[in-house]
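Everything on this sheet refers to the single structure shown next.
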Amino acid sequence: MEKPQVLVVEDEDVCRNMLCVVLKAHDMEAHAVASGEEAWEGIKQQRFPVIISDIQLSGKISGMDILRQAKELYNPSILMITAFGEIGMAVEAMRLGAFNYLTKPFGVNSLLENVNRMIIQQKTISENLLPSSPEELSRNSGIVGNSRKMCDVMNIALKAAGTDATILITGESGTGKELIAKAIYQNSSRKGREFVAINCATLTDEFLESALFGHVKGSYTGAIKDKIGLFEKADGGTLFMDEAGDISKSIQVKILRVLQEGEYLPLGSTETKKANVRIIAATNKDLLKAVKNGEFREDLYYRLNVINIMMPPLRERKSDIPLLINHFIKKFSDTLNKKVAQVTPEIEEILKEYDWPGNIRELENVIERAMVLCPGNRISKKYLPGNMIPGKGDVPSITIVPGTPLKEAEKELIMQTLQLTNGNKQEAAKMLGISLRKIEYRAKEWGIAGSIPFAHPV
Ligand SMILES: Nc1ncnc2c1ncn2[C@@H]1O[C@H](COP(=O)(O)OP(=O)(O)OP(=O)(O)O)[C@@H](O)[C@H]1O
Ligand SMILES: [Mg+2]
């Protein structure tokens, strides 16, 4: 097999020579140049798949220029080298599509780790296994929407998939933060490795620390044997930290250490462990505000926010609603095993008028509920939650005309009462004067035992 060709652009002799020695010792072909001008000449002649470049170069053409121009010409994997204090520039480089950056002085291991993953990335690119357009990324990850805002998101996501940078996804509840995180992972050079997700809001500090970093036996009451943490489980892969805005300050420090030094201590242990994990964090909080209020560490914020993806709320991209409706009708036609036709223009209009505080998850729930309720193959107005119908206020209304089959009327009445009680079956049973068992029995009969689809997140 041909040796991987790596272009090294570095004006400091010591660093350049060190890079070449290491790469050659690991069976790579290193082509070294000392200026941006030479690098650009080299790139025009031979499209090096992997480039390592210092950000600051002495001539007129900087490392950033090389990054920009090379990325315009073809799709190399580029590792930037920065001096201490150039973090702002490094972040800019990641946004321009650099694979990663290393801050001087760096260890041989992290250099090789990055170079090896860049080689894998190039292999997947040449085998056409990575998407080459935002549309392709949307298609292969089931993300629906072609509004301007969604296209912007997919463009950033495509770039993010090609880098190893930390990502912060912000957006309201139900906007698709987890979906996009998975899409990035599945289209990145880490896709063959683990994707591990954790919700940071639901655990106490002790449990979160132990879940992330693992613990040794006896480190706290209940720690009856050693346990590995998610950083170890996700080694070589991706860790999705959901609700990252809820992480306490004492755990924030520990995560910062992993991001800065690539190492951590399991709970109760004195032996540090190495971490090789890409972090994707998500939050529906305004983190910058939390930073200003002193609730979130500023340094961690900047470490997480290397690439920022803001998921737009559904009300700001209503043109996506028709596509989403069809997507969910198709989805639930399969899971409910019920063929339902596309909605009428009137229903579409109502769904477009609504404000969607619960975003796409709410739309998904509304479609599921309507499909469960509708007797035939058409979703009509009466199967939408009452608060969506203009002029009907918040209380769901029920239009059961004489002659409606009793079964159907019963279903409608129970579902709407459940909506009123926010899914609380006990309370709904009380209001309806029937037993809890009866509601549960019916729910099972309609195939919605596990989840009554109408939660309205506020
Ligand atoms: N663009 C989209 N196309 C298709 N389905 C989507 C899209 N966005 C979100 N969904 C679906 O909506 C639901 C909610 O998405 P997801 O769980 O990713 O949201 P979230 O932002 O993580 O929400 P939360 O903050 O509540 O955790 C999921 O079932 C997801 O598959
Ligand atoms: Mg989520």
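The values are calculated or read from the model by the stated rules, or taken from the named source; none is laboratory data. This structure is a prediction, so every number in the text was calculated from the model and none was measured. Note: ideal-geometry Cβ built from the backbone for every residue, glycine included; neighbour counts use all protein chains shown. We work out accessible area using only protein heavy atoms, side chains counted, and drop any ligands, DNA or RNA first. Shrake-Rupley method; radii C 1.70, N 1.55, O 1.52, S 1.80 Å.
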Worksheet item: Any idea which of (1) closer than 30 Å to PRO134 by Cβ; (2) out of contact with any Lys or Arg (no Cβ under 7 Å at 6 or more places or on another chain); (3) within 15 Å of ligand 1 (Cβ to nearest atom) is the one THR202 doesn't satisfy?
Response: (1)
Worksheet item: Would segment 210-221 turn up any residue that is within 30 Å of PHE99 (Cβ to Cβ), free of Cβ contacts under 8 Å to residues at least 40 places away in the same chain and away from ligand 1 (no atom under 16 Å from the Cβ)?
Response: yes
Worksheet item: Within segment 209-220, is there a residue that is surrounded by 17 or more Cβ atoms within 10 Å (Cβ to Cβ) and within 28 Å of GLY174 (Cβ to Cβ)?
Response: yes
Worksheet entry | Filter result (open to solvent by 60 Å² or more (accessible area, probe 1.4 Å) and more than 18 Å from the chain's Cα centre (by Cα)) within segment 269-293 | THR270, GLU271, THR272, LYS273, LYS274, LEU288, LYS289, LYS292, ASN293
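One line per residue, one yes/no per condition, for (1) under 18 Å from LEU323 (Cβ atoms); (2) within 11 Å of ligand 1 (Cβ to nearest atom); (3) not charged (D, E, K, R):
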| site | (1), (2), (3) |
| --- | --- |
| GLN121 | no, no, yes |
| THR124 | no, no, yes |
| LEU137 | yes, no, yes |
| SER141 | yes, yes, yes |
Worksheet item: Name the pairs: first residue in segment 153-170 and within 16 Å of ligand 2 (Cβ to nearest atom), second residue part of a loop (DSSP other than H, G, I, E, B), Cβ to Cβ under 6 Å, at least 6 apart or on different chains?
Response: LEU168/ASN305
Worksheet, complete the sentence: The correct count of residues that are open to solvent by 30 Å² or more (accessible area, probe 1.4 Å) and more than 25 Å from the chain's Cα centre (by Cα) in segment 99-123 is 7
Worksheet item: If GLN260 satisfies every condition in (1) at pLDDT 95 or above; (2) surrounded by fewer than 18 Cβ atoms within 10 Å (Cβ to Cβ) but one, which is the exception?
Response: (1)
Discussion item. Please go through segment 161-175 and give me each residue that is of a type in the set (Val, Ile, Thr), open to solvent by less than 10 Å² (accessible area, probe 1.4 Å) and more than 16 Å from ligand 1 (Cβ to nearest atom), ordered by number.
Written reply: THR163
Worksheet item: Across segment 267-278, what is the number of residues that are assigned to a loop (DSSP other than H, G, I, E, B) and either modelled with pLDDT of 95 or more or among the β-branched types (Val, Ile, Thr) (or both)?
Response: 3
Worksheet entry | Residue in segment 177-196 that is nearest to ASN75 (Cα to Cα), counting only those that are open to solvent by 20 Å² or more (accessible area, probe 1.4 Å) and either acidic (Asp, Glu) or within 10 Å of ligand 1 (Cβ to nearest atom) (or both) | LYS182
Worksheet item: Which members of segment 8-21 meet the condition of being in a helix (DSSP H, G or I) and open to solvent by less than 20 Å² (accessible area, probe 1.4 Å)?
Response: CYS15, LEU19, CYS20
Response to the item:
Taking first residues from segment 362-386 that are open to solvent by 10 Å² or more (accessible area, probe 1.4 Å) and second residues anywhere that are within 14 Å of ligand 1 (Cβ to nearest atom) and among the aromatic types (Phe, Trp, Tyr), the pairs with Cβ under 6 Å that are 6 or more apart or on different chains are GLU364/PHE328; GLU368/PHE332
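Table: residues versus (1) assigned to a helix (DSSP H, G or I); (2) touching a helix residue (DSSP H, G or I) at 6+ places or on another chain (Cβ under 6 Å).
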position	(1), (2)
ILE280	no, yes
LYS289	yes, no
PHE296	no, yes
TYR301	yes, yes
ASN308	no, no
PRO312	no, yes
ARG315	yes, no
LEU323	yes, no
Worksheet item: Out of segment 21-48, which residues are under 36 Å from the mean Cα position of the chain (by Cα) and closer than 17 Å to GLY107 by Cβ?
Response: VAL22, LEU23, HIS26
Worksheet item: Consider ASN187 against the criteria (1) within 16 Å of ligand 2 (Cβ to nearest atom); (2) closer than 29 Å to GLU316 by Cβ: it satisfies all of them except one. Which criterion is unmet?
Response: (1)
Fill in: Residues of segment 63-93 classified as surrounded by 18 or more Cβ atoms within 10 Å (Cβ to Cβ), small (Gly, Ala, Ser) and over 13 Å from VAL8 (Cβ atoms), total
4
Item to complete: Consider SER319 carefully, then state whether it is modelled with pLDDT of 95 or more, more than 12 Å from ligand 1 (Cβ to nearest atom) and not assigned by TED's automatic domain parsing to the domain that holds ASP205.
Response: yes
